Amino acid sequence: MKLTAEEEEVIMISEEARLPEIKSCNLSLIGKFLTCKAFNKRAALSTIRRVWGMQSGLQIVEVGTKLFQFKFQSDFDLNLVLKGGPWCFDNQLLMLKRWHKGMTASNVKLECASLWVQIWGTPFDMLSAKVATEVALTISKPLRRGGFISDSDGERTWVMFKYERLPIFCHYCGLLGHDLRHCASHYAVEKNGGEIEYQYGDWLKVAGSRQRSPPRKEETEEKAGALRSENLGEDFSQHANQAENQGIEESKQMVCCEKQGIEEIDDDMVPLEGVDKSQFGLMLIWK
């Protein structure tokens with residue numbers, strides 16, 4: 001496209017005029033639902049307000065296709081949500097990222113999904129106090145089903161990964177965000193009459209794991225108690241009430257004693273910076 005002389009003129013926006021919006025954006029998260037299916041937007045956003053405990057203090061702006069900006073009243077509220085995930089609606093993951101200057105609907109990149117993973121099969125002499133590890137998964141790569149861990153003698157052991165509150169994923173290609181019916185790779189193999197091997201399945205899910213509560217201060221316990229890393233569908237109220245009855249501390253515990261966290265799995269996993277490891281376990285990113 002060739003620009004005209006008028007189109008090449010720069011339109012200056014004064015700093016003073018931008019101040020209110022800059023302040024608003026500084027307390028915002030950009031979010032997108034990882035799904036290939038249509039969903040009830042009004043129901044999703046209404047449920048999010050209720051679950052986050054921010055019926056009136058949260059402003060939600062649709063800035064693109066399935067892309068939203070969540071504007072909070074305080075940095076504390078923002079971090080409760082950001083650190084309290086993962087969040088799902090109708091088994092569809094809501095990916096969140098903090099706003100930064102220059103971000104637009106066309107250049108925003110949401111490439112990682114944060115999930116809690118349990119490590120199964122760890123040798124008894126490698127058991128640790130951590131029972132689960134939070135990881136950031138690159139959504140363009142399939143779920144990892146396990147990995148090798150090694151002791152100081154170099155002896156390797158294969159451990160299996162099981163994911164808590166695992167959202168929709170494909171049993172053929174292992175990618176998050178779609179199922180078999182919406183998988184182009186599965187369709188191509190099926191159409192050509194090729195042999196289909198399913199390398200992924202519901203065995204990657206943790207059965208019956210409890211909710212995980214985000215961190216909070218004592219004076220905000222009642223408000224933060226409404227926050228849950230839980231599917232935000234129709235069954236939310238039932239599970240939330242159950243967690244409250246069991247007590248806040250108990251709801252943080254895992255069900256199975258075989259779930260362990262580890263300091264490091266392999267060279268493809270590196271710690272994310274700026275994470276409070278004392279409350280969330282070790283957060284790792286898989287390249």
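Here are some residues: G174, G154. Which one is outside the structural domain of L82 (by TED's automatic domain parsing), on the phi > 0 side of the Ramachandran plot and buried (at least 16 other Cβ atoms within 10 Å of the Cβ)?
G174
Kindly provide the set of residues from segment 78-96 that are at positive phi and touching a Phe, Trp or Tyr at 6+ places or on another chain (Cβ under 7 Å), ordered by number.
Listed by number, the list holds a single entry, D90.
Count, please, the residues in segment 166-178 that happen to be within 18 Å of the chain's Cα centre (by Cα) and part of a loop (DSSP other than H, G, I, E, B).
8
The values are calculated or read from the model by the stated rules, or taken from the named source; none is laboratory data. Everything numeric in this text was worked out from a predicted model, so none of it was measured. No Cβ is skipped: glycine too gets one built from the backbone with ideal geometry, and neighbour counts run over all protein chains shown.
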